[in-house]
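Structure record follows, encoded as structure tokens.
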Amino acid sequence: MGFNKRYRSLFNIEILHHYFLDEGTEVYGDDLSESKMEKNLSLYKLSDFMDIRPSKKTVQLLRNTRSRFTQTRVGFQVATAEDEDDKPFIPFSNDLQLDFIATIKDPFFENYTNITIDRTAPLFLSNQTPSDSIEETAVPVRFCLLSDFETNLTNGETPTLPMVEKRIDLDEIGSRELLGIFAIIRIHLNGEGSEIDLSDGAGAFNGTLPEVNWIFENRATTWKYHRSSDSVQVHASSEELPLTKYGYITVKDVDEKQYPNPSVNMIYNGEDEVYKDKGGTPVPEEKTKKYSRIFI
């Protein structure tokens, strides 16, 4: 009987992205019909742009507690064996800590995602605020609580997330595991404040499945069209337009000539760009502004 244990979900984290779910200017969850949303969600795969795996120490911990990690089509989850009393087969340890490492697989992720990645300090997302460390081996991170990260993604404030720069001990994660990562997601048994709790506080499962839902905002850019023969700009969109995998946005000039939509591999900063205001005076563009370049 010991080999036929029931498994119960310990928590579930869903990670979606508007670039893959929207269609042109029609936003998933707002403008798209139910049938279109179902279709786009059925085509969505987190593994197309992100990989999530437990740290080596967490792999061992999951094995010791008869737990299973699964990266799903839309996120990841952990399930734990339960006994006849609906409690974990292996009792929860009060200092339970599960670490998951997220890496970006798509080299164009930052092109179509409204986020700025700091490659010197990965994101550190957790249901508890980590302590600062003064050890020489401490790792610089940008910390955010799970719920704050969710709220700011939802509000489209990804580039200005309330990140707290910290230096923390990551002895539980090998140095090789930290190479080139996007984020560390650390889940403790119990969270602070309104953060998720895996337990009811009495050793049993949380009566409500702890869930976290993140949805990345797609990037919007000004679309600039250049002649392939001499690179001269011949047209530009009058406003920033969203980048999406599906759908089409109509762009026309004053002569009703229609222009194609851009790919995500030709994005550049406006750092060296110059435009003219209404008075005809050259004014430098904001350095943070992004452009899509399309050769026709």
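The values are calculated or read from the model by the stated rules, or taken from the named source; none is laboratory data. Quick caveat, the model's predicted, so the values are computed rather than measured. Note that each Cβ is placed from the backbone with ideal geometry, even for glycine, and that neighbours are counted across all protein chains shown.
Of D132, D86, D99, which residue is acidic (D, E), surrounded by 15 or more Cβ atoms within 10 Å (Cβ to Cβ) and over 16 Å from the mean Cα position of the chain (by Cα)?
Result of the check over D132, D86, D99: D99.
Rundown of residues vs (1) of a type in the set (A, V, I, L, M); (2) within 29 Å of V27 (Cα to Cα), yes/no style:
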| site | (1), (2) |
| --- | --- |
| E172 | no, no |
| F182 | no, yes |
| D200 | no, no |
| A204 | yes, no |
| G207 | no, no |
| A220 | yes, yes |
| R227 | no, no |
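Since D171 meets every condition but one in (1) surrounded by fewer than 15 Cβ atoms within 10 Å (Cβ to Cβ); (2) touching a residue at least 24 places away in the same chain (Cβ under 8 Å); (3) under 22 Å from the mean Cα position of the chain (by Cα), which condition does it not meet?
(3)
Give me the strands (runs of 3 or more DSSP E) completely within region 186-296, filtered to those with at least 2 residues that are in contact with a helix residue (DSSP H, G or I) (Cβ under 9 Å, 6 or more places away or on another chain), modelled with pLDDT under 85 and not aliphatic (A, V, I, L, M), ordered by residue number.
Details: elements: 211-216, 220-226, 233-236, 267-269, 274-276, 282-284, 290-295.
Filter on region 186-296 gives an empty set.
Which pairs turn up if I take residues in region 230-251 that are surrounded by fewer than 18 Cβ atoms within 10 Å (Cβ to Cβ) and look for partners that are of a type in the set (D, E) and at pLDDT 95 or above with beta carbon separation below 6 Å, at least 6 apart in sequence or on another chain?
Y246/E23; G247/E23
Can you confirm whether I134 is modelled with pLDDT of 90 or more and either out of contact with any Cys (no Cβ under 7 Å at 6 or more places or on another chain) or farther than 27 Å from L243 by Cβ (or both)?
no
Within region 25-34, is there a residue that is of a type in the set (F, W, Y) and in contact with a His (Cβ under 7 Å, 6 or more places away or on another chain)?
Checking region 25-34: at least one residue is of a type in the set (F, W, Y) and in contact with a His (Cβ under 7 Å, 6 or more places away or on another chain).
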